[in-house]
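Chemist: Below is a structure I'd like to ask you about.
Just so it is clear, none of the values below were taken in a lab; they were calculated from the coordinates. Note that this is a predicted model, so its numbers are computed, not measured. Methodologically, a virtual Cβ is constructed for each residue, glycine included, from the backbone with ideal geometry; neighbour enumeration extends over all protein chains shown.
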Amino acid sequence: MMIDWKKIDTVLLDMDGTLLDLNFDNHFWKEFVPLKYAQQKDLSLDAAKQALEPQFKSMEGTLEWYCLDYWSEVLQLDIAGLKAEISGLIAVLPHVTEFLEKLQQSSQRVLLVTNAHRDSLGLKMGKTCLQPFFDGIISSHDLGFPKENTDFWPLLQQQQTFDKNTTLLIDDSLAVLNSAKQFGIAHLISVSKPDSRQPKKTVIDYRAIEDFRELMIGL
């Protein structure tokens, strides 16, 4: 059994790449935004990608990287509107709903803890109808730090009051898991296949699941 559920009081769940297929976000930022940027600037798609890649890279791990308002201003594109245009690609990963249904019937408190901007969060909850499964939904934008920053976790704990020793975090980002580990969250699980169209990732430092059925034993 990967998790002794009797030792877990609080479950913290990431959204993109954990509950939802990261294919949407990867396609959006790597293909759709460059396409719209190329059209706006009268560039080839390759030239647009070359122009955008260093801008994106420089902001990774910061709150701005996840901020739709920031990128709308920098790129002069309606990022929230563009997300809505291709919202048909938003999808729940396999067996996530079954897992959430099992959690809902258990005694654990379940919190969605995401770096997603509130506009993106609203769009995705509207599309997936997952919102009723959570006792609370927290965007890192509400706390002023992304989850990769160790300052995020004490602020989350102040707001939500959880015991680090009986808390489980499931996240596809190793940087986030490292940050949570440094803070002292005892139970950490990675997701090895966050994007359904990409190969499974090799995860060495954390226990990893490819499918949420792996966690339903004993729940």
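Chemist: Of the residues that sit in the range 144-182 and are within 19 Å of GLU64 (Cα to Cα) and of a type in the set (S, T, N, Q), which one is surrounded by the most Cβ atoms within 10 Å (Cβ to Cβ)?
Modeler: Ranking the qualifying residues of the range 144-182, first place goes to SER179.
Chemist: Under 9 Å by Cβ, and 6 or more places apart or on different chains, what pairs join a residue from the range 71-91 that is in contact (Cβ under 8 Å) with a residue 40 or more places away in the chain with one that is in a loop (DSSP other than H, G, I, E, B) and loosely packed, with under 13 Cβ neighbours inside 10 Å?
Modeler: Final answer for the pair search is ALA91/SER196.
Chemist: So which residues in the range 58-70 are without any contact (Cβ under 8 Å) to a residue 24 or more places away in the chain and either closer than 19 Å to LEU35 by Cα or more than 18 Å from the chain's Cα centre (by Cα) (or both), if there are any at all? Reasoning before the result, please.
Modeler: Step one: filter the range 58-70 for residues without any contact (Cβ under 8 Å) to a residue 24 or more places away in the chain, giving 58-60, 64, 70.
Correct list: SER58, TYR70.
Chemist: For the range 105-141, give me the residue count where each residue is acidic (Asp, Glu) and under 15 Å from the mean Cα position of the chain (by Cα).
Modeler: Pass one, the range 105-141, residues acidic (Asp, Glu): 119, 135.
Remaining after also requiring under 15 Å from the mean Cα position of the chain (by Cα): 119.
Counting residues in the range 105-141 that are acidic (Asp, Glu) and under 15 Å from the mean Cα position of the chain (by Cα) gives 1.
Chemist: Which members of the range 19-57 meet the condition of being acidic (Asp, Glu), in a helix (DSSP H, G or I) and either buried (at least 18 other Cβ atoms within 10 Å of the Cβ) or in contact (Cβ under 8 Å) with a residue 24 or more places away in the chain (or both)? Explain how you work it out, then say what you get.
Modeler: Taking the range 19-57 first, the residues acidic (Asp, Glu) are 21, 25, 31, 42, 46, 53.
Among the residues that remain, those that are also in a helix (DSSP H, G or I) are: 25, 31, 46, 53.
Within the range 19-57, just ASP25 meets the criteria.
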